[in-house]
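Heads up: the structure comes next, in structure tokens.
Every number in this text was worked out from the coordinates using simple rules, so none of it is lab data. All figures in this text were calculated on a predicted structure; none of them were measured in a lab. Cβ placement follows ideal geometry from the backbone for every residue including glycine, while neighbour counts extend to all protein chains displayed.
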Amino acid sequence: MKVILTVKADELKLAQMLSKFGEKYTHLTYKLNRQTKGYLLEVDLDSENLGEFMRRMNHLKDVTYNVEEIRGGGLLDSINVSLLRTNVDALIGKEAFVTKDIDPTDGGVVKIGGELWLAKPVECNNIIKEGSKVRIIRVEGVSLIVDGVDDEKCPC
């Protein structure tokens, strides 16, 4: 995998970090080219080491950098990325039941997974009645933005 970055940092500190990283992760090669403002850094490394490399870049004192490009083989050399949504992102698309009328100004309350959440309708002129079924569209702060599903009533 090739990563191209523009970097503003102390040259000695950057060179030391690259050298130490290369000692531990032997599949690393890099080119450091001086530019008018900082450096252009081209790094070739295994995709599983990208996170550790970026963590070490963040630990350099007074460094700023921009990732300009990431190139790799098939699916960026098969980076292990979990597509499993967690936390509030996992609620998007799920259905819940309204436990307190939801109106555009005051919102309301829905129950999902045994928890009560503040909710607002996705449409500004829509009031969703207690007992109705809703689908979670997105999360804004601590409120769920919901849309009515149908006339199905809460089984509780």
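Database remark: amide H of LEU144 closer than 5 angstrom to the amide H of LEU118, ALA119, LYS120 (H placed geometrically; neighbours at sequence offset of 5 or more, or on other chains; Pro and chain starts carry no H). A Förster distance of 22 Å, applied to the separation of the beta-carbon atoms of ILE70 and ALA90, puts the FRET efficiency at 0.20.
Helix 11-24 axis versus longest C-alpha principal axis of the chain: approximately 80°, rounded to the nearest ten. The simple spin-label model puts a point 7 Å past each Cα toward its Cβ; for GLU42 and LEU60 those points are separated by 1.7 nm.
Along the chain, the longest continuous region that contains none of the GluC sites (Glu not before Pro) in a DSSP loop with at most 15 other C-beta atoms within 10 Å is 1-122.
Annotation: extensible slack from ASP147 through THR105 equals 13.6 nm (criterion: 0.36 nm per residue apart, minus Cα-Cα distance). Taking the longest Cα principal axis of the chain as reference, the axis of helix 50-59 is set at about 80 degrees.
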